[in-house]
Amino acid sequence: MQQYIIGNWKMNGTKAESQKLAAGFLKRIQEATRPLPHIVLCPSYPYLTSVFEILKGSPIEVGAQDGHPEKSGSFTGDVSISQLVDVGCKYVIVGHSERRNFHQESSALIRKKIESAIKAGLRPILCIGETEKDRETGKTLEVIGHQVTSDLPSSFMPHDLIIAYEPLWAIGTGKLPKQEEVEEVLGFIKHELSTHIAGGALVPMLYGGSVNAANAPSFLNLPHVDGLLVGGVSLKLDEFWEIVNASTR
Ligand code: PGA
């Protein structure tokens, strides 16, 4: 399976900076001499259209960082999944820990978003992960198992979505899980998914949390890792491109 390198720009940048970054990636991809992984950039809502216009027709896809499950209606401040499709998005991040924590998003809401995205032809990137306390108390697999069963719809096809394992304590902290810890969790998720749906082990599985150009190869070489979800470093053209080039398939 071709790997995925996904950049989550979070609430960063101006319109001009977002356009510059997108144009920079476009130039890199045009000059690329090796097979590339899937590349997805997820800018802030106001810049989705201008980033999409720059990347249109290139292999780089655009994703959103969240989406409302209802098609339209009185939801002040929200952006619907169908509006995201309308402006060219192909992916949407769902259940990021920053949404779960700062917006109290429940598993029921996350599941609705996933269902609605799949129905609209938008591929959700479901983020799951344990807290530091969960890991210290040996509860990692229990917590992950619970997220898998409560966040996911009862039926979907393996290619409908992507799962990103992001230990909360590794996001933006510079702390990293050991390779064997990542493999253990991803292996566990694959096993859980295969009991959940036919072909569940084929769902692409990413690692995310403090990824940079120096540590990316150590994750991209792991058998269960189908790609990376990159936060802070995805705003740095050269370093993100190094990560793209570290993809192994
Ligand atoms: P980080 O963020 O790479 O800055 O740790 C990852 C994420 O939140 O998706």
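The values are calculated or read from the model by the stated rules, or taken from the named source; none is laboratory data. No experiment lies behind these values; they were computed from the predicted model shown. Cβ atoms come from the backbone with ideal geometry, glycine included; neighbour counts cover every protein chain shown.
Here are some notes:
- If the condition is being in contact (Cβ under 8 Å) with a residue 40 or more places away in the chain and either part of a helix (DSSP H, G or I) or closer than 16 Å to ILE6 by Cβ (or both), then the stretch 146-160 contributes GLN147, VAL148, THR149, SER150, ASP151, PRO158, HIS159, ASP160.
Conditions tested, residue by residue: (1) among the charged types (D, E, K, R); (2) assigned to a helix (DSSP H, G or I); (3) at positive phi; (4) in contact with a helix residue (DSSP H, G or I) (Cβ under 9 Å, 6 or more places away or on another chain).
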position: PHE219; (1), (2), (3), (4): no, yes, no, yes
position: LEU222; (1), (2), (3), (4): no, no, no, yes
position: LEU228; (1), (2), (3), (4): no, no, no, yes
position: VAL233; (1), (2), (3), (4): no, yes, no, yes
position: GLU239; (1), (2), (3), (4): yes, yes, no, yes
position: GLU242; (1), (2), (3), (4): yes, yes, no, yes
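- Conditions (1) hydroxyl-bearing (Ser, Thr, Tyr); (2) in a loop (DSSP other than H, G, I, E, B); (3) surrounded by fewer than 17 Cβ atoms within 10 Å (Cβ to Cβ); number of the one not met by THR195: (2)
- The set of residues in the stretch 2-33 being at positive phi and in contact with an Asp or Glu (Cβ under 9 Å, 6 or more places away or on another chain) consists of LYS10 alone.
- Residue check for VAL40: in a strand (DSSP E or B) and under 23 Å from GLU239 (Cβ atoms): yes
- Restricted to the stretch 87-107, and to residues there that are of a type in the set (Gly, Ala, Ser) and farther than 23 Å from GLY57 by Cβ, the residue that is surrounded by the most Cβ atoms within 10 Å (Cβ to Cβ) is GLY95.
- Only one of ARG28, ARG34 that is more than 16 Å from the ligand (Cβ to nearest atom) and surrounded by fewer than 14 Cβ atoms within 10 Å (Cβ to Cβ): ARG34
- Check on GLN147, touching a helix residue (DSSP H, G or I) at 6+ places or on another chain (Cβ under 8 Å) and modelled with pLDDT of 95 or more: yes
- In the stretch 90-103, the residues that are within 8 Å of the ligand (Cβ to nearest atom) reach residues that are β-branched (Val, Ile, Thr) with C-beta atoms within less than 7 angstrom, at least six apart or across chains, in these pairs: ILE93/ILE125; SER97/ILE171.
- Across the stretch 233-249, the number of residues qualifying as within 12 Å of the ligand (Cβ to nearest atom) and either modelled with pLDDT under 95 or of a type in the set (Phe, Trp, Tyr) (or both) comes to 1.
- Any hit, the stretch 117-133, residues being assigned to a helix (DSSP H, G or I), within 13 Å of the ligand (Cβ to nearest atom) and free of Cβ contacts under 8 Å to residues at least 24 places away in the same chain: no
- Set LEU206, LEU220, LEU235, LEU229: member being surrounded by 17 or more Cβ atoms within 10 Å (Cβ to Cβ), more than 16 Å from GLN2 (Cα to Cα) and of a type outside the set (Val, Ile, Thr): LEU235
- Conditions (1) without any contact (Cβ under 8 Å) to a residue 60 or more places away in the chain; (2) within 16 Å of the ligand (Cβ to nearest atom); (3) in contact with a Phe, Trp or Tyr (Cβ under 8 Å, 6 or more places away or on another chain): number failed by ILE163: (3)
- Every pair of residues 6+ apart whose Cβ atoms lie under 8 Å, when the first sits in the stretch 211-232 and is more than 20 Å from TRP9 (Cβ to Cβ) and away from the ligand (no atom under 12 Å from the Cβ) while the second is polar (S, T, N, Q) and part of a helix (DSSP H, G or I): SER218/GLN179; LEU222/GLN179
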